[in-house]
Amino acid sequence: METSTEEQLIGPLLLARGTIDRSAALRADATWLERAWTDSATRVLVIDNGRTLVRRTGEEVHAVLFTTAQAPPGERYLLGVEDGVAYFAVAAPLPGMPSGDINGRVTVAMSLRDTPDGQAVPAGLRQVGGLLGDRDAGLLVYAVALEAWHATHEYCPRCGTRTEVQAGGHIRVCPQDSSQHFPRVDPAVIMLIRDPDDRCLLARGPQWPEGRLSILAGFVEPGESLEAAVVREVAEEVGVAVANPRYLGSQPWPFPRSLMLGFFAEALTTSLIPDAEEIAEARWFSRQELVQALETGEVRLPPPVSIARRLIETWYGQPLVGDW
């Protein structure tokens with residue numbers, strides 16, 4: 001069966017890559033975990049508030065991986081095994097670097113392009129998620145998500161006792177009531193809406209500067225299907241009725257713990273009534289209108305690392321230039 005144009009263009013999603021086996025069966029094996037940690041072949045990615053160290057070699061960008069002897073002390077998370085090599089993440093300050101924040105907002109003195117080959121610099125997923133190879137991108141997404149969850153779940157929600165990390169960083173257990181707590185993922189739908197003239201709906205939130213546009217998105221509510229969330233969110237945010245939500249792909253977005261589920265949907269109405277609390281601007285664009293707006297700088301699209309950008313380019317039919 002031939003692959004449709006839309007199926008070809010939606011992938012690969014840059015933050016949905018990875019090559020390692022997550023090795024879930026090994027997480028509860030304390031003996032294996034300790035043996036793996038003392039193995040000289042084991043490699044460690046240090047994660048500090050969403051950032052890790054990366055270095056450029058020619059045109060390639062790699063995550064800096066340490067031996068366990070080189071790694072700083074901190075909470076350990078088993079990321080998996082590949083070709084007999086175990087990979088861990090350690091949540092700790094980056095060696096020789098100031099601590100940042102979850103969005104990687106600390107200014108890096110030099111961009112990667114201007115950094116000498118081999119020099120390590122701190123960077124977050126938004127900066128390098130699309131530059132890393134499949135293995136390193138997968139490791140960093142995984143580590144960022146685990147670190148963010150652990151940072152906000154240190155205490156038992158039942159009794160307030162400080163919980164303990166177990167199962168290679170994939171469970172926190174309360175020593176007081178023995179309750180177990182697992183890393184959480186928040187599903188969110190993100191949808192490109194097309195009207196009967198095949199125009200695309202773009203919008204921006206009140207917190208975004210003028211010209212920074214994207215497609216609509218929102219969290220799935222308890223007891224709600226993904227398709228129902230698409231219909232509800234579009235109606236709430238811009239007052240447009242939609243039908244026929246069609247799933248195209250998903251991508252983790254660990255800021256701090258979302259899973260973005262991408263859809264196309266068809267607009268039944270085109271009048272826009274933005275919710276002022278969520279939407280500052282919403283507009284329909286033909287392909288020609290969008291290209292013109294990009295060329296003049298009137299509109300800037302999400303970066304290529306986002307599923308939003310991939311959905312817009314899928315609708316457009318080819319890659320676009322210009323981003324935030």
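The values are calculated or read from the model by the stated rules, or taken from the named source; none is laboratory data. Everything quoted here is computed from the prediction, not taken from an experiment. Because the Cβ atoms are built from the backbone with ideal geometry, glycine has one as well, and the counts that use them run over all protein chains shown.
Residue under question is Gly249, and the condition is that it be modelled with pLDDT under 95, surrounded by 16 or more Cβ atoms within 10 Å (Cβ to Cβ) and either of a type in the set (A, V, I, L, M) or outside the structural domain of Gly129 (by TED's automatic domain parsing) (or both); does it hold?
yes
Residues to consider are Ala120, Ala167, Ala148; find the one that is crowded, with 19+ Cβ neighbours inside 10 Å and either assigned by TED's automatic domain parsing to the domain that holds Ala24 or among the β-branched types (Val, Ile, Thr) (or both).
Of the residues listed, the single one that is crowded, with 19+ Cβ neighbours inside 10 Å and either assigned by TED's automatic domain parsing to the domain that holds Ala24 or among the β-branched types (Val, Ile, Thr) (or both) is Ala148.
Count, please, the residues in the range 202-254 that happen to be in contact with a strand residue (DSSP E or B) (Cβ under 7 Å, 6 or more places away or on another chain) and under 15 Å from Glu278 (Cα atoms).
So the answer is 16.
Quick check on the range 170-203: of everything there that is of a type in the set (Val, Ile, Thr) and surrounded by fewer than 22 Cβ atoms within 10 Å (Cβ to Cβ), which residue is farthest from the chain's Cα centre (by Cα)?
Per the criteria, the residue is Val173.
Among what's in the range 77-95 and is assigned to a strand (DSSP E or B) and surrounded by fewer than 19 Cβ atoms within 10 Å (Cβ to Cβ), pick the residue that is farthest from the chain's Cα centre (by Cα).
Val85
Could you please give the count of residues in the range 129-145 that are in a loop (DSSP other than H, G, I, E, B) and surrounded by 21 or more Cβ atoms within 10 Å (Cβ to Cβ)?
Of the residues in that region, 1 qualify.
All but one of (1) polar (S, T, N, Q); (2) touching a helix residue (DSSP H, G or I) at 6+ places or on another chain (Cβ under 6 Å); (3) exposed (fewer than 15 other Cβ atoms within 10 Å of the Cβ) hold for Ser271, so report the exception by its number.
(2)
Which of the residues that make up the range 279-324 are more than 23 Å from Pro12 (Cβ to Cβ), in contact (Cβ under 8 Å) with a residue 40 or more places away in the chain and surrounded by fewer than 14 Cβ atoms within 10 Å (Cβ to Cβ)?
Within the range 279-324, Ser286, Gly297, Glu298 meet the criteria.
Could you tell me whether Arg257 is of a type in the set (Lys, Arg), at pLDDT below 95 and out of contact with any strand residue (DSSP E or B) (no Cβ under 9 Å at 6 or more places or on another chain)?
Here the answer is no, as Arg257 does not meet what is asked.
Please go through the range 53-76 and give me each residue that is of a type in the set (Ser, Thr, Tyr) and either in a strand (DSSP E or B) or crowded, with 19+ Cβ neighbours inside 10 Å (or both), ordered by number.
Thr57, the sole residue that qualifies.
Listed here are the residues, each with its yes/no results for (1) in contact (Cβ under 8 Å) with a residue 60 or more places away in the chain; (2) farther than 21 Å from Glu298 by Cα; (3) outside any strand (DSSP E or B).
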{"residue": "Ala188", "(1), (2), (3)": "yes, yes, no"}
{"residue": "Met191", "(1), (2), (3)": "yes, yes, no"}
{"residue": "Ala203", "(1), (2), (3)": "yes, no, no"}
{"residue": "Val234", "(1), (2), (3)": "no, yes, yes"}
{"residue": "Tyr247", "(1), (2), (3)": "no, yes, no"}
